[in-house]
Structures are given as C-alpha cells and as structure tokens.
Amino acid sequence: MDRKKLIDYKIFIPSLLIILGISIPFAMYEKESLEVLNSIFDYIVEVFSWGYLWYGIILVIAGLYLSFSKYGQVVLGKPNEKPRFTLFEYASILIAMGVGSTIMRTGMLQWTSVANDPPAGVEAGSPEALLWGNAYSMFLWGFQVFAIFVLIAPAMGYILHVRKRPLMRISEACRVLFGDKFTDGLGGKVLDVLFLISILAGAAVTLGLGAPIITQNLSHLLGIEVNFGLTITVTIIWVFLFSLSAYLGIEKGIKRLSTFNMYLAAIFALFILIGGPGVFILNYFSDSVSFLLANYLNISLNTQSVHQGATSHIQSNTVFWYAYSATWAMLHSVFAAKISRGRTIKEMILTYLLAPTLISWVATGVLGGLGVHRYLMGDMSILQMVENNARMAAIPEILSTLPFGEISIIIFMVVALVFLTTTLDSTTYTVAAYTSTRDMSKYEPPKLLRIIIAAVITGLALVLMRIGGLPPLEVISGLMGLPIIFLQFILIYAAKRMIDEDKAWKHNIRSSS
C-alpha cells in the first residue's frame, strides 16, 4: 500500500490546523484569553451545573443497563472467540491508560484544594475539611468518570469486531442512525475532526502538565533549577519512551509497560505503608471511604442552590472534571474497543467501572494519606505551598520525609514516568488507528504513522509550553466536553440499534457448552 494513503489527511490536517488556529492567538494573549474562557466556563457552571451532575448519574445507569440486560452478553467478536488479554493484563492496560498519569500528579495533593475551599459551613483546614478532601479525591476517580470514559466503547467495539467495518471511527458508528450519505459526506468528516481536535488538544495538555511531575522531583533531587531546558530534556526522554512503546504496539509495548508498572506501583505503595505512617494511612483510608459513601449522593448532585456567594471547589471542579473527562471519553472508548476483542459488553463496561475505581481509591488513600499525615504533624506548610501554586514542588518535599527519601523520589518518578508513557502511547496508538486508512478490523495501525502522530503531539505541546498556550487549551478542552456529551448519548443509542438490528443478543453470545 502507498504510504501516502496510510493516513486520512482529510480529517487529520483540518484538526491540526484548527488546534493551531485556536491555540496560537490565545497563547499570544494568554491573560486576556484566560479571562474570557474562564468567564464562559463560570457561566456554564452557574447555568448548567445540574445538567453535568445528572449526566454522570445517567451514564452510570446506562452502563449498568447495558451490562445486566440482554445486551451485556453480546461478544465483541465471534461468539466463542477468546479474549485477546487475560483479565489482569486487560485491567492493567485500562488502568494505565485511564488513570495512571493523572493519579500520580493529583493523588498526593488533590485533597488540599478542598481543604482550602471546603463546602459551605465547613472550616478550611479543619478535620472535617480534610475528610471532605480525600473523599472528594476518591469521588473524582469513581463510577461517574469511568462511565463517561467507557460508554462509547460498545458502539465502537461492535462496528470493529462484530460488523468488521474497516474504519474505527465515530462517524462509522453513527452510520446506523444517519445513513450512508451523512457518514461518507461532510457530516461524518465533522464528527471525526471533532474527535481528533479533542484528543490532540488533550494529549498536548497531558504532555504539558505531566512534565512538572518529573522536573520538580529532579530539581529537588539534583539541586538544580526548573527551567525550559530541563523541561525539554525530560520531555524528549519521555517522548522517546512513549514513541518506542507505541511503535512496538499493544502486545510488546503497551501491555508489558502497563503490567510492569502495576507491580512496581504496588511495591511502592507497600513501601510507603511500611516505611511511612502505615497505621494512619489505613485508618484515614477507612475514614475517607466511609465519608465518601455517606456523602456520595450529596457530592454527586449537590449544586449549593440555597447557599449565597461563590461556589465551592467541589461544585465548580466537578463540572469541569466531567466536562474535561467528556473530551477524553472518545479516546478511552475507542482504545477500550480496540483491545476488547473477545470480551462481552458486560465484561468491558464492568472492568472499566470497577478496576480503575478500586486502584484509584487505593492510590488516593496511600498518597493522599501520606500528604495529610505530614500536614497534621506540622512537618511542612502544605496548604500554603499549594495556595502559592507550588503544588508539584510539594510532592518531593513530602516524599523526602520517608526513609531513603531520595530512593523514594526516584521510584515515584519511575512509576509516574511509566504511567505517563502508557497514557500517551495509548493515545498515539489510538489516533494512528483512527486516522489510518488501513482495515482496523484486521490490522494494527502502521508503525510509521504512530511515530508521526507522536511527533505531532510533542511538537504541539512544546510550542504551547514555550509560548504559554497550555492553560487556555486546558479550558478549551473542558468547554469542548459539551458537544461531545450529546454525541455520547447518540452513540449509546447507536450501539443498541445495531445490536437490535442484528439480533446479536441472540446470535452473538457465548454458547453454554
């Protein structure tokens, strides 16, 4: 096949040009653009908070319905086809792709945002505020977010593994609803460009926000200053790793890295429990889970409608988190669909709802518990550091209080770097699969295309990091969630429609023998 035809330029080039066309002007006037974008977002929080909160609940209900109804037993592949990965490998890949990099960035200090700005009637920095903080950190990595991530996957997995459609695209999944003329015409191109804009923008933001996890720890470890040169050095090493992993593919790259890092993260967590305040962490974890379960509906649906004044962090951040997660939903679902051949719809959805949630709660409990303990013991002014925008700098300060502090920082950096790598190699692989003209129901995306995509994401991130365009792009990513939410519901209905048309709940299920 001619290499020039390995990528669909009709959707890739417009997506890239639109991102650059948006990002560069915003970067040139970063302060003014952030004021405008944040005012738009604040307006959405004020007017549509209730909608975002119900959106998360409805998707959980939809996920449970698809799992436990007749649709849940449908196999994504031939009826008796065996899954491509073991359950542990499958869960590890989903966790590393969906959770790993962000939990390393936020797990230790996410509680501080709520402790500084707790719900109405709770005193900042009080014991109750600390419980709200870690419980809310767990909530952010709970059932609603992972329902947002996975609910497009049934439609994408069905067109790829059951109907064997060659193109693994959102437009293709909508063909059953909108017909051939729309799908093959301008309408289909618009949907696919929307997907690519959201993913390329999100990947650039992830690369930009992920680098400080490594640079701040290196700065503390080596006693050097964080500057753009150090950031470029770390980014190049990181890019080499995720490009190599994406080049090797799912079996040799992504799977091996994901499973390796699950073991390494488990060892690191045990080290923190044994070498650090283990009893406190376990007690605080229990209290946090108890507090979360007791207040789950409150956090899920409370808009503070009868409280006057500015909204608290929980309300505004939950809306942003759902909106930002929605922009990533397409990526997570397309990737989950690609690796779910041989899994039933029930297995795919429940694995995504349960495995990342469990690991996230444990990670938040261990990392957050360590941070809270150091705050309570008065070892450092963590809340003040966070208020002064030194959040990333607080992480090595906390880790250095552990036995073998320097080794702890190194292990943390390795775990964080591998999780960051698996997040972006999954992204690179998915974008390559999405833009490829090769039959994705039979083949992997071309290796050359994976390297090209990695280079594009890296170049975009470095340019924006240099000129200051990442903060506006992050807000834009959140704002893009609104149209994607409507697309999610369309694709959930498309999955049901295709399965009903084919009577797959009768013909495409595992035999009892």
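Consider the range 25-41. How many of its residues are open to solvent by 50 Å² or more (accessible area, probe 1.4 Å) and touching a residue at least 12 places away in the same chain (Cβ under 8 Å)?
Going through the range 25-41 one residue at a time, the tally reaches 5.
Going through the range 424-448 one residue at a time, which ones are open to solvent by 10 Å² or more (accessible area, probe 1.4 Å) and not acidic (Asp, Glu)?
437, 438, 441, 442, 443, 447, 448
For the range 67-107, which positions are out of contact with any Leu (no Cβ under 7 Å at 6 or more places or on another chain), open to solvent by less than 10 Å² (accessible area, probe 1.4 Å) and at pLDDT 90 or above?
Hits for the range 67-107 are 71, 74, 75, 76.
Can you tell me which of 344, 318, 303 is under 16 Å from residue 51 (Cα atoms) and modelled with pLDDT of 85 or more?
318
Among residues belonging to the range 300-333 that are open to solvent by 10 Å² or more (accessible area, probe 1.4 Å) and of a type in the set (Val, Ile, Thr), point out the one that is nearest to residue 196 (Cα to Cα).
314
Basic (Lys, Arg), within 26 Å of residue 497 (Cβ to Cβ) and in contact with a Gly (Cβ under 9 Å, 6 or more places away or on another chain) - does that describe any residue in the range 59-81?
Yes, the range 59-81 contains a residue that is basic (Lys, Arg), within 26 Å of residue 497 (Cβ to Cβ) and in contact with a Gly (Cβ under 9 Å, 6 or more places away or on another chain).
Can you pull out every residue in the range 271-300 that is modelled with pLDDT under 90, more than 26 Å from the chain's Cα centre (by Cα) and under 18 Å from residue 130 (Cβ atoms)?
Within the range 271-300, 276 is the sole residue that qualifies.
Mind listing whichever residues of the range 190-219 are under 16 Å from residue 491 (Cα atoms) and open to solvent by 30 Å² or more (accessible area, probe 1.4 Å)?
Within the range 190-219, 190, 194 qualify.
Read through the list (1) modelled with pLDDT under 85; (2) open to solvent by less than 10 Å² (accessible area, probe 1.4 Å), then give the number of the only condition that residue 368 fails.
Failing condition for residue 368: (1).
Being open to solvent by 10 Å² or more (accessible area, probe 1.4 Å), part of a helix (DSSP H, G or I), closer than 28 Å to residue 510 by Cα and touching a helix residue (DSSP H, G or I) at 6+ places or on another chain (Cβ under 7 Å) narrows it down to one residue among 363, 355, 336; which is it?
Just a single option satisfies the conditions, and that option is 355.
I need every pair where a residue in the range 160-176 that is at pLDDT 90 or above has its Cβ under 6 Å from the Cβ of a residue that is part of a helix (DSSP H, G or I) and among the polar types (S, T, N, Q), sequence separation at least 6 or different chains.
These pairs meet every condition: 175/183.
Can residue 53 be described as more than 21 Å from the chain's Cα centre (by Cα), part of a helix (DSSP H, G or I), surrounded by 19 or more Cβ atoms within 10 Å (Cβ to Cβ) and of a type in the set (A, V, I, L, M)?
No.
Given the condition touching a Phe, Trp or Tyr at 6+ places or on another chain (Cβ under 7 Å), touching a residue at least 24 places away in the same chain (Cβ under 8 Å), under 19 Å from residue 293 (Cα atoms) and not in a helix (DSSP H, G or I), answer yes or no: does some residue in the range 113-122 qualify?
Checked against the condition, which is being touching a Phe, Trp or Tyr at 6+ places or on another chain (Cβ under 7 Å), touching a residue at least 24 places away in the same chain (Cβ under 8 Å), under 19 Å from residue 293 (Cα atoms) and not in a helix (DSSP H, G or I), the range 113-122 yields at least one hit.
Would you point out the residue of the range 125-165, among those that are hydroxyl-bearing (Ser, Thr, Tyr) and crowded, with 24+ Cβ neighbours inside 10 Å, that is nearest to residue 338 (Cα to Cα)?
Selected residue: 158.
Looking at 44, 22, which is the one that is closer than 30 Å to residue 459 by Cβ, touching a residue at least 12 places away in the same chain (Cβ under 8 Å) and either outside any helix (DSSP H, G or I) or not small (Gly, Ala, Ser) (or both)?
On inspection, the qualifying residue turns out to be 22.
Tell me which residues, restricted to the range 138-194, are part of a loop (DSSP other than H, G, I, E, B) and over 26 Å from residue 508 (Cα atoms).
141, 142, 185 - these are the residues of the range 138-194 that are part of a loop (DSSP other than H, G, I, E, B) and over 26 Å from residue 508 (Cα atoms).
Among the candidates 234, 193, single out the residue that is closer than 21 Å to residue 406 by Cβ and touching a Ser or Thr at 6+ places or on another chain (Cβ under 7 Å).
234
The values are calculated or read from the model by the stated rules, or taken from the named source; none is laboratory data. These numbers were taken from a predicted model, which means no experiment stands behind them. For neighbour counting, all protein chains shown are included, and Cβ atoms are generated from backbone atoms with ideal geometry for every residue, glycine included. Ligands, DNA and RNA are stripped out before the accessible areas are found, and what is left, the full protein with its side chains, is counted by its heavy atoms. Shrake-Rupley method; radii C 1.70, N 1.55, O 1.52, S 1.80 Å.
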